[in-house]
Structures are given as C-alpha cells and as structure tokens.
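The values are calculated or read from the model by the stated rules, or taken from the named source; none is laboratory data. In this text the structure is predicted, and so the values were computed from the model without any measurement. FYI the Cβ positions are ideal-geometry reconstructions off the backbone, even for glycines, and counts take in every protein chain you see. Note: accessible area is taken over every heavy atom of the protein model, side chains too, but ligands, DNA and RNA are not part of it. Shrake-Rupley method; radii C 1.70, N 1.55, O 1.52, S 1.80 Å.
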Amino acid sequence: MFSTNKKVLRSDGNRLRKLRAVISIKSWIVLTTVFTLCSLAAAADIPTGKPQIQGGNLRIEFDNRLRSRVVARFDKTETVMGPFTASETVTTADKPWTEFLLTSQKHARTKDAFGEGERLTVEGKAGSLTKMVSVTVYDEFPAMAFFEVQYTNTGTTELAVKSWTNNAYTVNAQRGVGPPAFWSYQSGSYEKRPNWILPLHTNFQQENYQGMNASDYGGGTPIIDVWRRDVGMAVGHVETRPKLVSLPVSMPDAAHARIAVRFVKDLSLSPGESFHTFRTFVAVHRGDYFRTLADYRRFMMKQGFQTATAPDDAFGAIWCAWGYGRSVQPQQVYDTLPTVKRLGFVWVTLDDGWQNNVGDWALDPKKFPGGDADMKALVDRIHQEGFKAQLWWSPLSAVPDSELLRDHPDYELLNRDGSKRKVSWWNSFYLCPADRRVVEYHKALVRKILVDWGFDGLKLDGQHMNGVPACYNPAHHHAQPEDSVEALPDFFRAIYETAQSVKPGTLVEFCPCGTAFSFFTMPHFNMSVASDPTSSFQVRSKAKTLKALMGDTIPFFGDHVELSDGGNDFASTVGVGGVVGTQFVLPSLVAKHGKSDLTPAREQNFEKWLRIYRDKMLSKGQYLGQLYDIGFDAPETHVIRKDQTMYYAFFAKRWKGQVELRGLEDRNYRVVDYVTGKSLGTVSGHSAHLPVEFDGNLLLEVQPQ
C-alpha cells in the first residue's frame, strides 16, 4: 500500500548526520565559552546572576553596577515602578560616585529585633571607594525594604565626603491615564503652610528639608510618598532621632516623578575608614499614602516609640477664648461661660493674652491684679460650671526684654555666627532645648499651671516647636551643633511626663501652627490638632495623616470651626472623626465684629452639630484610611467604623451620581443621612453603590439590618 524511495532515505540520512555534527560543534563552543566566562568571573570575583530580594509586596533588583529598581507586587500583578537608577550614591569634593561594579552578593534569612525576614548584601567597587548595601525585607512588613549602606575608602589618600543619597528612584507615570499622573505626601515645613497632600504637575519640585526652611519653620516626619492610580512608592528613614535630611520630590516631565533621601554634611574619610548612612527604606502600596505611614508607625514602635494615653474627657468639644484675641479680659470669659455650657462644650481654653510676656509667663497684672489668686479663681469658676480648663502656652521662646533672658542670656540658642535665632510670630528668641536648665525652667512652669493654678490641660502652641536650628552656643558645651535638633523630642517628653506626674490624665494638646508634624514628638502629647488649617481640605487631610501616624486612641482636634471653609464646616471635622471646637464670641462683649460672632443663626447651627457630635462620637471610632484614595477617588471619602456601623463622609463642591460604599460585609445595610435624618434605603454586599446628589458634603450612617 505504501511505496518507499531508498535514494531519498539515504540522502536524508546523510543530511541528518551532518546536522548532528554541526550541532555538536556549536554545543561544544557554547559550553567552552560558558566555562571560560565562569572561570574568568571566579578569577575576578564577579558574581553571576542578578541580585534581588523579594517580599510579599515588593522586589528590589540590582544590576551589575549596583543600580536598583523597585517592583510592586499586589494581587498577583507585578508593576515595575521605574528604570534602574543610581539609587545609593555619594558625592565627594571632586565628583559624584554613582556606579559601583558589583563584586559580591549574599542572600540569607535573618532574625533580629524587628522580626524574621530576608536579607540581601551586595558589594561593589568604584576606584578607591567600596560600597556595601544591605537590604532587609521583614515578614511582618512585606511592603517595605530597609537599606543600610556603608562606604569604605580603600585608597591611599583622604576623601572629602560632601553628601550621600539613598533610595533615589524615578517613578514612571501610569500609561493611558489622564492628569494628574501623581498625587503626593510632602513632609517639609514651610512658612506659607502648604497642603501636605497635593497632586504633582510638570516642573514641580519640593526639597522637604527636615531642618529649618525659614527662621522658625522646620522639622517634619521623614517620609515622602508619590502614588499613581494603581500603585505608589515612598522613601524615608527610620532613625530614632530627628535628622537634617532632605526628601526631594520632583516631576521633571509629564511621564516621571523623582524621589530620594539626601543628607549633606562634610566628612573626612581617611584611607581604610568607613562610614554608614542613616537606615532608610522604600515602601510600595496600593491606594494613597495611608498604609505607608501606618507601617512606618508600626516599625518605629518596635524601636521604642509608644503612643501617649488620652483621658476620656479629651474627646469633649472645645470652646476657646481666642476669639476675643490677646486683649481678652477675664470678665469676657466669665460672661461667655453660660452660653458655652448651654451649647454643651466640655473644655474651656484660655488662649494667648493672659501672660505679661512670652518667656517669663507671669500673669498680666492689668488682667489679674490679684496675681495667682485671680487666676485660680477663674479656673475654679470654670470647674464650678462643670468644664475642664485648658491654658494656652508657647514654650521654648522668650522676648528680648524678658527677665528670663536678662538673668539667663546663656539659655539662648545661637546661630553659627553667634547671633540669636528669631521666632517671628512673637518677636522672640529661641531657647535651646538641649540645655538642662531650660528644661528645668519649663518643668517648673508646668507644675505652676497645673498645680498652683489648677488647670486640667495644656495647649502647646507655636510653629517653632516642630523643629529647631543647630545650636552653636559655647555655654552649652554641645558635642555637636545638631544636639539641639535631636534634643527637641526630649524637651517635650519632659513637659509631658511632668504634667502626668503632677496631675495624671492631663490633656496635652500640641499645635505646631501649620508645620508638618514631627513624628519624633508624637509620643509626648495626647491630642493632635489641624493646627491653623487654611481650608477644610487641610482639616481632613491632616486628620488622615495624623491618624495614620498616631492611631485611633489619640483625639484629633479639627481646630476652631471658624478656620474652615465658610467658617462653619463642622462636617469636615465630624466626618473624619475629629473633636469639634470653636472660638466664638458674644457680639455684645466685643467692639469689633467678625466671623467669630455667635449670631442667632450660628448658634442654631452650633446646637445642631454639637448634638450630632455627642450622639455619634465618631472621634472614638476607628478611622479606615485604606478604603479610599484621598487624591484619585471622587468624591473624596472618609470612613469611620464604630462597632458594626459604618459612617461615610463624602466631600465635593457638587456631586450627582453613584458613590461606592467600600468595606461592607456581605449583608444588608440601612443607609441614613445622619445630618438630616433622611433614609436613603438599603444596600447589600461587598461592593455597594448608591445614587446620591449633594453640595459640599454628605454624611451617611450605614447600619447592618
């Protein structure tokens, strides 16, 4: 049935034998080449294979010049965040050192005080400088990679180091997505008090220097974060003291953003000598920056940072006498108390104006002619009316003509040229927080305020509290000028611990006046505040930031409602779980009228919102910051959970359409507008949507049926 051609078979066989011979020769050449290359690599101590380390949510990859890139890993999807860059570099007097030829790599499991994880150590060489980078990814922190970098001078001459940079990355914009390409968290403190959360635009650049960016504006939390709609990346350091690093963020073009950690300081590196950078990190996340800050807090807690304890009455609504200004008279406070009581406030705060000057902190004799007895009588009256009493105070500064500086001029913080450092708002001078005598002076004032006068709380206020300059006062015998910078948290720890020791349960509010709160002082106060917000968005975005960094047990004060949009936006404070407050004045008690006047319409509005605040007490709930992206999600949404009930706060100038109720279980829920009491029906499931229409805000209570 089948015919076979023998000639064809012989011809095919010959071709097959020739093909086998060619393949054998090529294979031998390939094997010989590979063997030769491996031998050369071994002889030159050049490792084979790409160094990389991987955690649950990220991977760090190095090339053979010790450049690196970051890969985010979420839901079985890997996203290359950007190209390989010279991420860890050093600059000397003559040049930047950006590329180091890889010479070795080591990968191993590790276990230390932060837990178990993976550690990759790579070494590289560039001329007379050797670099070693150790990267650790802990099992408990799968979205963070921690870097420790060491440079060694292997040459024969001294190297003059000027600066170093870690975790310098270029972040690619997401393809096919319209502007803005990126939102960001910026942690620098500036005199113009910009938003901490903002979208990036082409040619944007902000240094986020953690030192002084104006005479009395500085400090911050050493993290910056840039995110796209799908994924984001942050860098920072995890040292336990404030460091004078920069965290530059830029957007050089429409397709890229750049981030880094940079430190500038002269260092002489002798032959054979090494130096280490600070311990830095890179983190990835989905959604906005909230997870990064929360993970950072958890990591820092493993280094001894603990959240302060707030008294239960810290969540009570606050009335502050600041509406009457610095010219406030005790009688104005007395006459306002009945209205404050009728509206249901818990705290009465005596603000700036009670003192003779900033620095001596004696009572103004024109307002308190009887001295301490008059102040104690005022506090007693506040207590008799059922309130808690809080006193405003601005530590760490003194006016030039104060008795304190006349008798103790050596308390002052001095600049490099010997000049005094000015605190602009009060036309005063910095005191040095690293000087023990300065600390003891302030501890004595705490005892006087709380014990002698009887106050229940302190309102610490001033932009200069967030960061201080380096001190060059020879009378202080600092080991280094930066001692003052690193001692600032200890100064506020002394105030807080003194307050709690003489009056347990003291409320210590910390208001650094528009600066980007320093994480290092956070263990030493038990109330954060929106701190002179310039808009309602600042109230809400600061709440999200501070709840990530401090957790839910520390009350967040939304500051005086008069500082919000329209001077009446209670919804922004209530919706994010903040404590409400005001600086209202009685029009009959002031000569000049303004937005703080308690008109009949405003009083009616106050009654409504204070009732809502007391009924819901969302300030004691759990803020679910990872459910919504404050930048890319529209409308802007915040969620509080109390027991099984979810409270959603939506914000937009004007909104008509669907809103998504994230975070619900697979069950039915009843939806109510808890401001108006109007029912919006029922929803069910994990991905519930609701058609709504509102102007400004919509606050919903979503309760399981």
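At-a-glance table
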| read-out | value |
| --- | --- |
| Candidates ASP461, ASP483, ASP490, ASP452, filtered to the one that is at pLDDT 95 or above, over 27 Å from LYS420 (Cα atoms) and among the acidic types (Asp, Glu) | ASP452 |
| Filter result for ASP401 (acidic (Asp, Glu) and either open to solvent by 10 Å² or more (accessible area, probe 1.4 Å) or free of Cβ contacts under 8 Å to residues at least 24 places away in the same chain (or both)) | yes |
| Options GLU665, GLU607; residue that is surrounded by fewer than 16 Cβ atoms within 10 Å (Cβ to Cβ), in contact (Cβ under 8 Å) with a residue 12 or more places away in the chain and touching a His at 6+ places or on another chain (Cβ under 8 Å) | GLU665 |
| Members of segment 475-512 that are under 17 Å from GLU239 (Cβ atoms) and among the β-branched types (Val, Ile, Thr) | VAL485 |
| Filter result (within 16 Å of the chain's Cα centre (by Cα), touching a residue at least 40 places away in the same chain (Cβ under 8 Å) and outside any loop (DSSP other than H, G, I, E, B)) within segment 192-211 | ILE197, GLN206 |
| Where LYS542 falls short, out of the listed (1) under 29 Å from LEU244 (Cα atoms); (2) open to solvent by 10 Å² or more (accessible area, probe 1.4 Å); (3) among the basic types (Lys, Arg) | (2) |
| Boolean, VAL177 is β-branched (Val, Ile, Thr), surrounded by fewer than 23 Cβ atoms within 10 Å (Cβ to Cβ) and modelled with pLDDT under 95 | yes |
| Lone qualifier among VAL683, VAL639 - being among the hydrophobic types (A, V, I, L, M, F, W, C), open to solvent by less than 50 Å² (accessible area, probe 1.4 Å) and without any contact (Cβ under 8 Å) to a residue 24 or more places away in the chain | VAL683 |
| Residue list for segment 404-416, filter: free of Cβ contacts under 8 Å to residues at least 40 places away in the same chain and within 33 Å of the chain's Cα centre (by Cα) | TYR411 |
| Output for segment 316-337, where each listed residue is among the aromatic types (Phe, Trp, Tyr) and open to solvent by less than 20 Å² (accessible area, probe 1.4 Å) | TRP319, TYR324 |
| Residue match in segment 237-248 (condition: open to solvent by less than 20 Å² (accessible area, probe 1.4 Å), out of contact with any helix residue (DSSP H, G or I) (no Cβ under 9 Å at 6 or more places or on another chain) and farther than 30 Å from GLU158 by Cα) | no |
| Only listed residue being farther than 29 Å from LYS620 by Cβ and not acidic (Asp, Glu), chosen from ALA548, ALA516, ALA475 | ALA475 |
| Candidate set: segment 520-539, residues that are assigned to a loop (DSSP other than H, G, I, E, B) and under 20 Å from TRP609 (Cα atoms); chosen: the one most open to solvent (accessible area, probe 1.4 Å) | SER535 |
| Number of the condition not met by ASN697 [criteria: (1) polar (S, T, N, Q); (2) surrounded by fewer than 14 Cβ atoms within 10 Å (Cβ to Cβ); (3) not in a loop (DSSP other than H, G, I, E, B)] | (2) |
| Flag if GLN658 is open to solvent by 40 Å² or more (accessible area, probe 1.4 Å) and in a strand (DSSP E or B) | yes |
| Top-ranked residue of segment 479-498 - restricted to ones that are over 22 Å from the mean Cα position of the chain (by Cα) and among the aliphatic types (A, V, I, L, M), ranked as most open to solvent (accessible area, probe 1.4 Å) | ALA479 |
| Tally of residues being in contact with a Gly (Cβ under 7 Å, 6 or more places away or on another chain), open to solvent by 10 Å² or more (accessible area, probe 1.4 Å) and aliphatic (A, V, I, L, M) across segment 210-236 | 1 |
| VAL423 being in contact with a Gly (Cβ under 9 Å, 6 or more places away or on another chain) and over 19 Å from ARG447 (Cα atoms) | yes |
| Segment 486-514, residues that are part of a helix (DSSP H, G or I) and acidic (Asp, Glu) | GLU486, ASP490, GLU497 |
| Flag if GLY386 is touching a residue at least 12 places away in the same chain (Cβ under 8 Å) and surrounded by 16 or more Cβ atoms within 10 Å (Cβ to Cβ) | no |
| Check on GLN626, touching a His at 6+ places or on another chain (Cβ under 6 Å), modelled with pLDDT of 95 or more and open to solvent by 10 Å² or more (accessible area, probe 1.4 Å) | no |
| Residue check, THR292 open to solvent by less than 10 Å² (accessible area, probe 1.4 Å), part of a helix (DSSP H, G or I) and over 25 Å from SER596 (Cα atoms) | yes |
| Matching residues, segment 338-363, being part of a helix (DSSP H, G or I) and surrounded by 19 or more Cβ atoms within 10 Å (Cβ to Cβ) | VAL340 |
| Single residue of segment 554-570 satisfying the filter (charged (D, E, K, R) and under 17 Å from PHE651 (Cα atoms)) that is surrounded by the most Cβ atoms within 10 Å (Cβ to Cβ) | ASP569 |
| Pairs with Cβ under 9 Å, 6+ apart, first in segment 477-494 and more than 15 Å from GLU440 (Cα to Cα), second open to solvent by 40 Å² or more (accessible area, probe 1.4 Å) and among the hydroxyl-bearing types (Ser, Thr, Tyr) | HIS478/TYR472; PRO481/TYR472 |
| Qualifying residue in segment 574-582 (condition: outside any loop (DSSP other than H, G, I, E, B) and open to solvent by 10 Å² or more (accessible area, probe 1.4 Å)) | no |
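Residue-by-condition table, conditions (1) outside any loop (DSSP other than H, G, I, E, B); (2) at pLDDT below 95; (3) closer than 22 Å to SER68 by Cβ:
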residue: LYS162; (1), (2), (3): yes, no, no
residue: TYR190; (1), (2), (3): no, no, no
residue: ASN213; (1), (2), (3): yes, no, no
residue: MET233; (1), (2), (3): yes, no, yes
residue: ARG241; (1), (2), (3): no, no, no
